[in-house]
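Presented below is the structure to which this report refers.
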Amino acid sequence: MKLIHMTKNLKQRIMKIKVIAFDVDGVMTNGSINLDEKGQEIKMFNVQDGLGIAVLRKAGLKTAIITARSSGCVAARALDLKIDKVYQDAYPKSAAFGDLLKNFNVSPDEVCFVGDDLPDIPVLKQAGFAVAVANASSDAKQYAHYVTKKSGGNGAVREVVELILKTQSRWKTVLETFV
């Protein structure tokens, strides 16, 4: 990923980030809710997005999920990726965001939040680096400092990870662990 032309203000925001929190439906997935014949939910996650989250851990950043829904799929994916904190049934999401700040002992300007729709707006308004995915609602995009080129479930998470780690000059160190 080529680093975008970045304003000084955007770079300053990204440099402060210590925690990255993600919505799930529409961000970590494409937003589809699939049910099997027994009514069990099935979600599809992007493997490159998942590796991006693992890379965040290697770089020393903390991760979280804040989702208004509850799903065994989310719990399993979070466990697989070793996500530090998971908030399911988080509505309003601002309450979970407040708990996240206390849990990680950080201020709002040290948190990146990636969202896509109306329930995400309260957190997007508070986060130091607010990101909306390409397929986000126009209302959510209004509160974003950055809108991804890729859509949710199709590389948007990885795009944000690389943007943060490259801006913070951490990408090369992480990359070296793979070569």
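The values are calculated or read from the model by the stated rules, or taken from the named source; none is laboratory data. Since the model is a prediction, treat every value here as computed from it, not as a measurement. Counting neighbours? That spans all protein chains shown, and the Cβs are built from the backbone with ideal geometry, glycine included.
Going by the conditions given, is Asp49 among the charged types (D, E, K, R) and farther than 27 Å from Leu118 by Cα? No; evaluated as a whole, the condition is false for this residue. Restricting segment 131-161 to residues that are in contact with a Gly (Cβ under 7 Å, 6 or more places away or on another chain) and assigned to a helix (DSSP H, G or I), the residue that is surrounded by the fewest Cβ atoms within 10 Å (Cβ to Cβ) is Arg158.
Taking segment 122-179 as the range and being in contact (Cβ under 8 Å) with a residue 60 or more places away in the chain and of a type in the set (D, E, K, R) as the test, the residues that pass are Arg158, Glu159, Glu162, Lys166, Arg170. Look at (1) at pLDDT 95 or above; (2) out of contact with any Leu (no Cβ under 9 Å at 6 or more places or on another chain) and you find that Ala132 fails only one, number (2). Kindly establish whether Gly128 is touching a His at 6+ places or on another chain (Cβ under 9 Å) and surrounded by fewer than 23 Cβ atoms within 10 Å (Cβ to Cβ). So Gly128 fits the description; yes. Scanning segment 13-37 for residues that are among the acidic types (Asp, Glu) and over 12 Å from the mean Cα position of the chain (by Cα) turns up Asp36, Glu37.
Considering only residues in segment 162-179 that are of a type in the set (Val, Ile, Thr) and modelled with pLDDT under 95, the one that is surrounded by the fewest Cβ atoms within 10 Å (Cβ to Cβ) turns out to be Val179. Phe104 meets each of the listed conditions (1) more than 15 Å from the chain's Cα centre (by Cα); (2) surrounded by fewer than 15 Cβ atoms within 10 Å (Cβ to Cβ) apart from (2).
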